[in-house]
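Okay, so here's the structure we're looking at.
No value in this document is a laboratory result; all are computed from the given coordinates. Since the structure is predicted, the reported quantities are computational estimates derived from the model, not experimental observations. With ideal geometry, Cβ positions are generated from the backbone for all residues, glycine too; neighbour counts draw on all protein chains shown.
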Amino acid sequence: MGRILLGALCAAAAVTCSPAAAEPAPVASAGPAIIVTANAGPNMLGTIALPIRAARFAESWARASADATRSPELQRMIAPGRAMGRLQKVNFVQAAVHARVRWMSDATQWGQHDYWATAEQTLAKGAGDMEDRAIVKMQALRALGFDHRDLFLTLGRDRVGGPITVLMVRIDDRYFMVDDTGGPATLLDRRGFEFQPQLSFGSAGSWIHARKIPAKRTAAAISAASASRN
């Protein structure tokens, strides 16, 4: 099976990682931002989605996931897309949100470094940053009949642009990325070179994205580390 490398994200979050354990892993005394739990998740781009309790994001995700599907403004926005196919709906929502919600930083709009607004707040103001627009897209697709279990808010890194937040949509076991460019959704496998998922949120929980290290590489690394101490 190989061992699982959580990488810098775990270290930065002060997590003690124990993927094989049935109970949540113990957390460093500095105070947990994230702790690993046991639950299945959205594996993508060769990563293993390890379930976590992301305490730092609890309030943010509570606002993001608040049901806005009956919002009159959201209903008006999605009305033209009701009869479309699934991928057409995704691209329609992408275009509709970017036409309606202009970009504005959280510092300017909310006086905070990072604030995830509800979909209703963002639509009412007509402005938001990449997280806010991704949240509106998620709620719009729910209102258009998408299963909430197939929608994920994913934080990751773009090889060129740095940290980004996108909406991931699962259609027939394939993931499509709905990014903040306003362009059509792209099959995630085509973005594997430039995008690295790190943390995902969905209706069933939250997950950190890890990668396996082949057993031979793990053994070699252990041997090298042991040799360096002798």
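Residues of segment 162-206 that are within 21 Å of Ser65 (Cα to Cα), of a type in the set (A, V, I, L, M) and assigned to a strand (DSSP E or B): Ile164, Val166, Leu167, Met168, Val169, Ile171, Met177, Val178, Leu199. Taking the criterion of being within 11 Å of Ile164 (Cβ to Cβ) and buried (at least 20 other Cβ atoms within 10 Å of the Cβ), the residues of segment 177-190 that qualify are Met177, Asp179, Asp180.
Selection of segment 70-125 for residues being of a type in the set (Phe, Trp, Tyr), closer than 21 Å to Gly183 by Cα and touching a Lys or Arg at 6+ places or on another chain (Cβ under 9 Å) yields only Trp103. I'd like to verify a number: residues in segment 79-125 that are in contact with a Leu (Cβ under 6 Å, 6 or more places away or on another chain) and on the phi > 0 side of the Ramachandran plot, how many? Counting residues in segment 79-125 that are in contact with a Leu (Cβ under 6 Å, 6 or more places away or on another chain) and on the phi > 0 side of the Ramachandran plot gives 0.
Within segment 153-174, can you find the residues that are under 13 Å from Arg86 (Cβ atoms) and either surrounded by 15 or more Cβ atoms within 10 Å (Cβ to Cβ) or under 13 Å from the mean Cα position of the chain (by Cα) (or both)? Listed by number, the residues that qualify are Val169, Arg170, Ile171.
Sort out which residues of segment 100-121 are part of a helix (DSSP H, G or I), crowded, with 19+ Cβ neighbours inside 10 Å and hydrophobic (A, V, I, L, M, F, W, C), and write them in order of number. The answer is Ala119, and nothing else. Against the conditions (1) of a type in the set (D, E, K, R); (2) surrounded by fewer than 19 Cβ atoms within 10 Å (Cβ to Cβ); (3) in contact (Cβ under 8 Å) with a residue 12 or more places away in the chain, Asp150 satisfies every one except (2).
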